[in-house]
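S.K.: My questions all concern the structure below.
The values are calculated or read from the model by the stated rules, or taken from the named source; none is laboratory data. As the structure is a prediction and not an experimental result, all values here were calculated from the model. Cβ atoms come from the backbone with ideal geometry, glycine included; neighbour counts cover every protein chain shown. Ligands, DNA and RNA are excluded from the accessible area calculation, which covers all protein heavy atoms including side chains. Shrake-Rupley method; radii C 1.70, N 1.55, O 1.52, S 1.80 Å.
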Amino acid sequence: QVQVVESGGGLVQPGGSLTLSCAASGSSFAIRDVTWHRRTPGKDREWVATLTDTGGTNYADSVKGRFALSRDDAKNTVYLQMNGLKHEDTAVYYCTVRDLKWVNYWGPGTQVTVSS
């Protein structure tokens, strides 16, 4: 079993930055890839970015050039650096960790609010 916890959300002004963390823990697991999604009330869940098993990164067009993924394998943690935040980035951000058995584990989410 893998536990996933997101952190780092909060209130930030437009144009500001936040770094979200996605920490995975458990016994005898290995991470295949990590994906960030976000959800705003009244809207469908939106894919944000994925860190692939080969270390590649993919970003949604809405965040490309502003968001960046990085990882710390020693801590089993993936970071989502978010710069140039906009009102429309306001959402609950969720992290999904997929293991080598193709099982997805979701965290409870962290709220990001962009407001002046």
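S.K.: Of all accessible surface on the chain at a 1.4 Å probe, what whole percent is carbon and sulfur?
M.R.: Carbon and sulfur atoms account for 48 percent of the accessible area of the chain.
S.K.: Still on this structure, I have one more. List the extent of the Cα atoms of the chain along each of their three principal axes, largest first, rounded to whole Å.
M.R.: Computed over the chain, the largest-to-smallest principal extents equal 44, 25, 24 Å.
S.K.: Report the relative contact order of the range 12-116, percent, no decimals, based on alpha-carbon pairs under 8 angstrom and at least 6 residues apart.
M.R.: The normalised contact order for the range 12-116 reaches 37 percent.
S.K.: Could you report the chain's accessible area per residue, 1.4 Å probe, as an integer in Å²?
M.R.: Counting only protein heavy atoms, the per-residue value for the chain is 53 Å².
S.K.: Testing the spin-label approximation: label points 7 Å from Cα along Cα→Cβ at ALA60 and THR40. State their distance in nm.
M.R.: 0.9 nm
S.K.: Another question, if that's okay. Distance between the C-alpha centers of the range 1-19 and the range 72-102? Whole Å please.
M.R.: Using only Cα atoms, the two centres lie 8 Å from each other.
S.K.: What residues qualify as long-range amide H neighbours of LYS86, i.e. H under 5 Å apart, gap of 5 or more or another chain, H built at 1.01 Å from N?
M.R.: Amide H neighbours of LYS86, under 5 Å, 5+ apart: GLY15.
S.K.: Label point 7 Å out from LYS101 along Cα-to-Cβ: which residues of the range 1-17 have amide N under 20 Å?
M.R.: Within reach of a label on LYS101: 1-5.
S.K.: In whole percent, what relative contact order does the range 44-89 give with Cα contacts below 8 Å and a gap of six or more residues?
M.R.: Rounded, it is 26 percent for the range 44-89.
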